[in-house]
1. Other chains near B:103-112: what is the mean number of their Cβ atoms within 10 Å of each residue's Cβ?
2. Please work out, to two decimal places, the log10 of the ratio I(q)/I(0) at q = 0.11, 0.16, 0.17 Å⁻¹ from a Debye calculation in which every Cα of the range B:329-598 carries one identical scatterer.
3. List every residue whose amide H lies under 5 Å from the amide H of A:Ala256, counting only residues 5 or more places away in sequence or on a different chain, with H placed 1.01 Å from N in the peptide plane.
4. Restricting to the protein assembly as shown, what percent of DSSP beta bridges are antiparallel, rounded to 5?
5. Between the alpha-carbon centers of the range A:213-282 and the range B:1-45, tell me the distance in whole angstrom.
6. Bin width 5 Å, alpha-carbon pairs only: give the P(r) of the range B:452-596 as whole percents, running from 0 to the bin holding the largest distance.
7. List the lysines whose alpha-carbon lies under 18 Å from that of A:Lys172, not counting same-chain residues fewer than 8 positions away?
8. What does the net charge come to around A:Gly269 if you take all other residues with beta carbon closer than 12 Å to its beta carbon, with K and R at +1 and D and E at -1?
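Only the coordinates and a few stated rules stand behind these numbers; no lab work does. No experiment lies behind these values; they were computed from the predicted model shown. Counting neighbours? That spans all protein chains shown, and the Cβs are built from the backbone with ideal geometry, glycine included.
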Amino acid sequence: MSNIDRRTLVKGSLAAMMAGAAFSRGAFAQSSEPILLGVSGPLTGPNAQYGTQWKQGFDLALDEIMAAGGINGRKLVYQFEDSQSDPRQSVAIAQKFVSDPRIVMELGDFSSPASMAASPIYQRGGLVQFGFTNSHPDFTKGGDFMWSTSVSQADEQPLLAAYAVRRLGLKKLAVLHLNTDWGRTSRDYFVKAAKEYGAEVAVTEGYIAEERDFRSTLVRVRDANPDGLILISYYSDGALIARQARQVGLKQVICAASSVYSPKFIELGGEAVEDVHLGTRYFPQDPRPEVKKFIAGFKAKYGGQEPDAFNAYSYDAMNMAAAVVKIGGTDRRAIRDAFAKVKDVSSVIFGQATFDVESRRVKGAMNAELVVRKGQFELWDGKPT
Amino acid sequence: MSSWLDYTINGLIVGNVYALVAVGLALIFGVSRLINFAQGSIYLVGAYIGWVAVVQLHTPLPLTIIVVAAAAALVGLIIERFGLRPLQNSVRIAPLLATIGISFVLDQLVMLTFSPNPRALPSQLPDVRFQVGGGTIGPLDLLIAGVGITSALLLFVFLRYSKLGWAVRAASQDRDAAMQMGVDVNRVNQAVFGIAAALGGVSGMLVGMYYNQIDTAMSLQATLKGVVAEVVGGAGNVPGAVVGSLLLGLVESYGVAVFGTSYRNLFAFLLLVVVLVLRPNGLFASARQAPPEPLTGTFIAPSRPVRIPRWALAVAAAIFAILPLFPVSFYVLQTLINAWLLGMLALSLTLVAGTIGQVSLGHAALLAIGAYTSALLSLTFAVPVGLAIIGGGLMSAALGTTLISPSFRLRGHYVSIATLAIGEIVSLVILNWESVTRGPIGISGIPPLSLFGYDLISPTSIYWFSLSVMVVLALLQGRLLTSHLGRSFRAIRDDDIAARAYGLSLNRYKSLAFIFGGFAAGISGGIAAHLYSYINHETFNTQQSILALTVVILGGLGNVVGAILGSVALVGLPEMFRIAAEYRILIYGIVLLLLVRFRPQGLLGTI
C-alpha cells in the first residue's frame, strides 16, 4: 500500500544526483544510492532555534563521516521535515517516513508531545525513532523501536546535586525549573539527590517557557533565604534569571544544569553569569580526543562559533546513527537490532556510548564541573566564588 | 512586610513593559475597532531593527530610537495600505484575519533574516542601579516608564486637542458620518497605524534591551499580554491601557507572591475574565460611551453562500470514503486524518462563531478538555475507548459551556478576548492541577483507538473512523442549521435585540450552541488523545485555536461544508509546502492573506 509520492522522488533523485557529482567514487560502489535518515524537528515555530542547532551538529558529523569514507562507501544523508514541534505535524511526518522505503531510521522530534505522539506510528511501522533530546522517562517505553541517547535526568541531576552540595558546600537551595516534563523530572531527581547529600531545598519554583520576568519569583527566592540558586533552565531563560537575580541584589552562588551550556548563555547573560557554576558533559579544554575533534571541527565549519549542548547532542546522534547503520545496513529491523549491538561509539557526551538494552538508553554520561570566568567557560579550579 | 513593597514595585515594572504594547493596540482599536494581532510582530521587527542599529551600526541611543520608530512606522504604513485598506468595505472580521496573516508573514521574515537563535541586545544606558525597597531599578526602567507615560499623554493630548486627533475620534465614533463631514478617513487610519507601529517598534527594542535578549518567539506573547492589558483598561482607551497594564503587572506579581510562579499567567487571564464580566467595556469606560460594536450584526456580514448540490457532496464523500482502497500513501491518509480531526473542531467553531456569532479564540481548550477526559477515563477507570471519547465530548460540552457562560453578555470582539482568556486558563489549570492531570509530565500510554473490542491502529481504519465521525457530526449540524433552532441561532447573530424582542432567550440559545459545539470539539480532542498516546498541556495550544478560527473564516462562517473544506486546505497547504522547508509558513501566511483579500466572506460564504 505504501508508495512514494512524486515530490519525494524528485527530491530523492536530486539528492542522488548531487551525491553522484560530489562523490563519484560512490557511483562505482555496489549501490550508489545514499542512505537516507529522516529527521523530524522544529525549523519554524517557537522552538525553531533548536532545529537549526541540530542541523549544525548533523552537518559537521556528516562531513566527518563522509571524509572517513561514508557508510561502506555509501553516502549518508538526512531529510529534515519541519514539525514546528506540533504533534499534529509530527504524526503526519511519521507516517510519511514510515511509508517512504528509502528512510532507514528516524531522528527526533524535539518536544515530548510531538515525539511521543508519533511513537505509536513508528512502533507499528517498524521504523526506529531515535530521540536524542527526549529525556521524558516514558519516551523509550513507547516500544522497542524507541531508542534515546538523551542524558537520563536520573543520571545527570545527582551529578549536579553533588557539585552544588558536596563540592560547593551549599546547604540551603532554591530550585528554579522550567515547568515542562523535562524540567519537572529533573527537579524531582535533583531534589531527591540534594537531600540525600544533606542539603535542604528551601523553595522550588516552576516557570513556563515563555516567561521573561522573574523579579517576583526572585523575591520568593530571597525570602526563602537560600545560600544557592539552582537553575534547571535552557540558556535563554537561564541567562534571564541570572541577570535579574543580580539586578535585584541576590548574590548567592548560582549553579545550573548542563542545558545552559552555550556561548549564547554568556552573550545573553553578560556580567551577570560571571561565576555561575554548571555541570556539563564536556568542556572547551577537554583533553578527550573526541571532544577536541568536535570543537575544532565545529569552529572551523561555522566561522569560529563555539558549539553548545544541543550541537553536541545532534553531532553525537548522527555519529551514533552512522555506527548503527554500519552494523545494521539498510533494513529497518536490522537497524533496530543493531542498536543493541553497537559498542563504545565515540561520543562527546558519553565518552564511549553503549546502549543499555533494557531501558534503550545510554548510561554513564561524562561529567565536567565548569564555572564562568571572565566571560569563558572554564573547568572549576576548586576555589570558592 | 517589605516583600510586599518589592512585589508591588516588580508588578509596576512589568506593567510598565506591557503598557508599551497595550497603548499601540488601544490606539488602533480606538479608531478601527480592530484588535491588531500584528502589533506583536511590529514589536518584534522593532527589536531586530534596534539590534541592527546598535550592534552593527553602533548608533547612539537617541538615534537608535529614531531609526527604529521610523522603520517600524514604515512597516505600519505598509500594513495599513496593502494589508488592511483593501478590506475596508468587506466583512468586519476580515481585517482581524488579515492581521493574523500579516503577523505570520512578519515573524517568518524576521526568523529567516536573523535566524531563530536568540540574540543579545545590549542596553546603551549606563549600568547604574537605584535601591528601591529590597530590589533595584535601573535607568531603562525609567526610560520605559517615561516612553509609556509620555506617549500615552501625548496621544491623549493629540486626540483631544489637535485637528487630526478630532478627525481620529470622529472616525472612530462613526466612520461614515466622519467621511461625510469631509474627514479623510484613510489619512486618519494611516496616521494611527504609523504612530501605533512606531510605538510598537520602539517598545520591542526597549524591552529587548531591558532583558538583553530578543528572539522570534517574543511576538505572540507580547500580543497576548498587550491585548489583556488593553481590554482590562477599556479597549480603545489610551490612558486606560496604561492603567490596565500596571494593574495586570500587579495582579501577576501578587499571584506569584501568594501561589507561586507557575500560577502567574492564570491570574492575568482571570483578571481579564473578571473585568470583562463585571465591566464589559473595561475598567475606564464611561457609562455614556457608545457601545463598541454596532447594534445590528454587521460584525459578520451576510453573504450569498455558494450552494453545492447534494449529489456533489455525496460524490465527494464517497470519493473520500473509498480513497484508502486506492494505492495512496499512509502519509496522505494521515494528513487527511488530521484534516478530519481539525474538521470536527471547525464544525464546532463554525457553529459557535458563525451561526450564533460568538467568535471564540480559545477553542483549543475544548479539545484539551475532551482529550484529558477521554484519556483519564480509559486509563484510570478502564472505560472502553469508544465510550471514553463520548465521555470526553460530554465533558467538553458541559464544562466548556459552564466556563463560557459568564461571557454570554459580551459582544463582538469582547467575546473573542474572553474566550482567548478562558482557553489560556484551561491550559494553565491543566499544567497546575497535578493530582488529576499529572501536570507538565503529561499523560502517556493512552490506549489506542478501539471500537467494540477491535483496535483501530492501521491508518486506514483510523481514517475511516475519523471520517465517519466527522460526517455524522456534519450531517447533524446541517440538519440543525435548517431547523427552527438553527434559524433562531442566526437571528441572534444577525440582530440580538430584534431576536430578544421576538422572545428568544439569548443565554439559553447561546448555551445550546456551545453544548453542541463543545461536544464536537471534545470528540475531536478525545480521538486525538488516543491517536497520539501522549498528551500534555502544550498539545492543544493557542496556535490551534487561531488555526481553527482561520479555518472557519476561510471556509465561510457558519458553513458546514466550508469548515471541512477549510480544514483540508489548512492542513494540506503546509504539508504541500514542505518542499519549501523553512519558507513554508511564510508561503502559508501569504496564501492566507491573498485569500482574505480576494474572498473575505470565505471560500463558500456565510450561511
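1. Mean partner shielding for this stretch: 1.
2. Relative scattering, expressed as log10 I(q)/I(0), comes to -0.59, -1.23, -1.35.
3. Excluding prolines and chain starts, which carry no amide H, the hits are A:Leu231, A:His277, A:Leu278, A:Gly279.
4. Percentage antiparallel, nearest 5: 40.
5. The distance from the Cα centre of the range A:213-282 to that of the range B:1-45 comes to 26 Å.
6. For the range B:452-596, the pair-distance distribution reads 2, 8, 12, 18, 17, 17, 12, 7, 5, 2, 1, 0.
7. Reachable lysines: A:Lys192, A:Lys195, A:Lys251.
8. Taking every other residue near A:Gly269 into account, the sum is -2.
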